[in-house]
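Step one of this worksheet: look at the structure below.
The values are calculated or read from the model by the stated rules, or taken from the named source; none is laboratory data. It should be emphasised that the depicted structure is a prediction, and the values quoted were computed from it without experimental measurement. Here the Cβ positions follow ideal geometry from the backbone for every residue, glycine too, while neighbour counts run over all protein chains shown. To get the accessible areas, we keep the full protein, side chains included, count just its heavy atoms, and leave off ligands, DNA and RNA. Shrake-Rupley method; radii C 1.70, N 1.55, O 1.52, S 1.80 Å.
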Amino acid sequence: MIALVALGGGLGAMARYGVDLMLGGRLTARGLPGWALALINISGSLLIGFLAGLVARGALAPQLHTVLATGHRRGYTTLPAASPDLVETAERGGRAAGMRRALGVPVAAVAACAIGLFLSAA
């Protein structure tokens with residue numbers, strides 16, 4: 001099980017890097033630096049909530065949830081990747097922009113997780 005979680009984490013980190021490569025430059029060019037990482041964290045939280053709901057309903061085995069949520073999704077969404085982004089946002093846009101990002105992304109991620117949980121019950 002540990003090897004599968006580690007494999008999932010590695011694949012999640014690769015997915016995060018790929019999405020950041022695809023979206024990062026485009027969003028920065030449109031005046032939205034750092035938003036690719038914010039979208040990654042919010043979308044990952046949505047799926048984590050969805051998976052948790054499936055486990056609660058008995059539609060997903062807890063072991064598979066461990067591999068997908070603890071491994072892949074947590075490799076995909078990470079605080080260490082968001083921290084430098086937050087500092088860069090504050091440096092470019094000022095303290096107010098940094099505070100909006102520091103508060104807005106976690107609130108949006110928790111809301112996305114709750115939405116995922118709700119969607120899995122449908």
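Assorted remarks:
- Distance (nanometres) between label positions extended 7 Å along Cα→Cβ at residue 64 and residue 17: 2.8
- Shape summary: the chain maps onto an equivalent ellipsoid whose semi-axes, from the alpha-carbon gyration tensor, are 28, 16, 11 Å in decreasing order.
- Going by accessible surface with a 1.4 Å probe and the largest first, 118, 50 read 118, 50.
- Rh by Kirkwood over Cα pairs, then Stokes-Einstein D for the range 29-78 at 1.567 mPa s and 4 °C, µm²/s: 111
- Distance cut-off 12 Å, percentage of C-alpha pairs in the range 51-96 lying past it: 67
- On a per residue basis, the convex hull of the C-alpha atoms belonging to the range 63-122 measures out at 77 Å³.
- C-alpha long axis of helix 95-121 to longest principal axis of the chain, angle in °: 20
- Residue-normalised accessible area of the chain, given per residue in Å² at a 1.4 Å probe: 59
- Overall, the accessible surface of the chain at a probe of 1.4 angstrom is composed of carbon and sulfur to the extent of 73 percent.
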